[in-house]
Amino acid sequence: MDYKLLAKSALEAMERSYSPYSNFRVGAALLTKDGKIYQGANIESAAYSPTNCAERTALFKAVSEGEREFAAIAVAGALRGGEPQYCYPCGVCRQMLNEFFTDDVAVVVVKSESDYKVHRFGELLPFGFGAGNLV
Ligand code: THU
């Protein structure tokens, strides 16, 4: 899998973050199983709690376009004016990703196009609560 391309896409999405309150910019690039990429950025609210993370922006864009099967997500986050850091999805995003991700989906945390770490989603949310609990 071309994680370099996905990393680049997350860094590009980060540039479009709307984050005037935290000044922490996050970008995500979500890869579908058939090779399409949906980008997302965090979008903040003056009321704070309605804020949407980059990962959920990308997921909601993709799912609302009919996508259901995913291969990977890359995430890049940086304080305004700073260098990207390894930025892991927050707990709320992990729970929402769990709705559509299997344990083997790759989660790529990105510092640069050539510096990133790859995890399995199952590492980030072991013992998750999901649809399987409700049948
Ligand atoms: N944020 C994300 O977009 N994704 C994460 O994985 C961590 C946090 C956003 C939410 C808020 O706009 C800012 O980063 C600071 O918490």
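Here, each number is a calculation from the coordinates, and none is a lab measurement. Quick caveat, the model's predicted, so the values are computed rather than measured. Glycine also receives a Cβ, built like all others from the backbone with ideal geometry; neighbour counts cover every protein chain displayed.
From the phi of every residue in the range 94-102, what ³J(HN,Hα) in whole Hz does the Karplus formula 6.51 cos²θ - 1.76 cosθ + 1.60 yield, where θ is phi - 60° and glycine or proline is x?
Calculated HN-Hα couplings, in order: 4, 5, 6, 5, 4, 5, 10, 8, 8 Hz.
Based on alpha-carbon centroids, what's the gap between the range 89-135 and the range 1-15 in Å, whole number please?
If we compute the Cα centre of each part, the gap is 17 Å.
In the chain, what is the count of Lys pairs whose alpha carbons are under 14 Å apart, counting only pairs at least 8 residues apart or on separate chains?
5
Putting +1 on Lys and Arg Cβ atoms and -1 on Asp and Glu Cβ atoms, find which of Ile43, Cys90, Ser112 reaches farthest to the positive end of the dipole of the chain.
Result: Ile43, furthest along the dipole toward the positive end.
Suppose we keep just the DSSP beta bridges with both residues in the range 29-114; what percent of those would be antiparallel, to 5?
70
Would you work out if the range 1-80 is rounded, prolate or oblate? Take a ≥ b ≥ c from the square roots of the eigenvalues of the alpha-carbon gyration tensor; rounded if a/c is under 1.5, else prolate when a/b is larger than b/c, oblate otherwise.
It is oblate, given that a/c is not under 1.5 and a/b is not larger than b/c.
Using each residue's phi in the range 6-21, evaluate 6.51 cos²θ - 1.76 cosθ + 1.60 at θ = phi - 60° and report the 3J(HN,Hα) Karplus result to the nearest Hz, with x for Gly and Pro.
So the J values, rounded to whole Hz, are 5, 4, 4, 5, 5, 5, 5, 5, 4, 5, 9, 4, 10, 9, x, 9.
Once every DSSP H run of n ≥ 4 in the chain is given -39500 (n - 2.57) and the sum is divided by its residues, what mean residue ellipticity at 222 nm do you get, rounded to the nearest 500 deg cm²/dmol?
Value at 222 nm, helices only, nearest 500: -7000 deg cm²/dmol.
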